[in-house]
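Colleague: Below is the structure I would like to discuss, written out as structure tokens.
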Amino acid sequence: MADTVTQLQDQVNHMAMLMFNSIGTLQRDALPAERLNTTNALSDSIPPQIEIPNQNIKKGVTKEQIEEMTKQLVESSKVIDMLAEQLPDAEGTPAEQLKRIEELQEEHEKISKELNKELEKAKEKLDKVNAEFEQLADAELKLGTDGVGEGGGSGAKKKKRSIK
């Protein structure tokens, strides 16, 4: 199972997807609101679905669809709240937190330098091993071509290659 922050990020992404899908559905399917009177006031009621002739399709959004979209968004919001409550509280004053951050950064820099030193040592060892391997390979090639006639055996030319 993922840590709380990852779960929170996933849930926020899920809620964003629900929002986009809900808004997209409403934009695509909802019918225009009805006007109440000549003052251009709009009705709060949901317009009834209309049936498209010869296609056996109804256009419009039902109250049940809106309630389901709302329910999903509310549930997602509750999960986000629950996950946020699981996060640890910040410890200390802002000044203490900044001091702790600076200490962690110094520790990070120290460890980073140590790792870079170890990496350099490892590269040096690898270069030594490659050089020794190359010497061994050259010695083996010389031994392999020494007892063969002037034609050099199969006629293969000896190439010196660097392995890096």
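Colleague: Please indicate, with yes or no, whether at least one residue in segment 75-90 is touching a Lys or Arg at 6+ places or on another chain (Cβ under 9 Å) and either at pLDDT 95 or above or surrounded by 10 or more Cβ atoms within 10 Å (Cβ to Cβ) (or both).
Modeller: No, segment 75-90 contains no residue that is touching a Lys or Arg at 6+ places or on another chain (Cβ under 9 Å) and either at pLDDT 95 or above or surrounded by 10 or more Cβ atoms within 10 Å (Cβ to Cβ) (or both).
Colleague: A follow-up question, please. Would you check which residues across segment 67-99 are over 21 Å from residue 12 (Cα atoms), assigned to a helix (DSSP H, G or I) and either in contact with a Pro (Cβ under 9 Å, 6 or more places away or on another chain) or not small (Gly, Ala, Ser) (or both) and list them?
Modeller: 94, 96, 97, 98, 99
Colleague: Another one. Output the residue which, of all residues in segment 1-16 that are under 14 Å from residue 74 (Cα atoms) and not aliphatic (A, V, I, L, M), is surrounded by the fewest Cβ atoms within 10 Å (Cβ to Cβ).
Modeller: My answer is 14.
Colleague: Still on this structure: Can you tell me which residue is farthest from the chain's Cα centre (by Cα) among those in segment 17-33 that are surrounded by 12 or more Cβ atoms within 10 Å (Cβ to Cβ) and in a loop (DSSP other than H, G, I, E, B)?
Modeller: 33
Colleague: Going by the conditions given, is residue 72 at pLDDT below 95 and not acidic (Asp, Glu)?
Modeller: Answer is no for this residue.
The values are calculated or read from the model by the stated rules, or taken from the named source; none is laboratory data. As the structure is a computational prediction, the values presented were derived from the model and not from experiment. Using ideal geometry, Cβ is built from the backbone for each residue, glycine included, and neighbour counts are taken over all protein chains shown.
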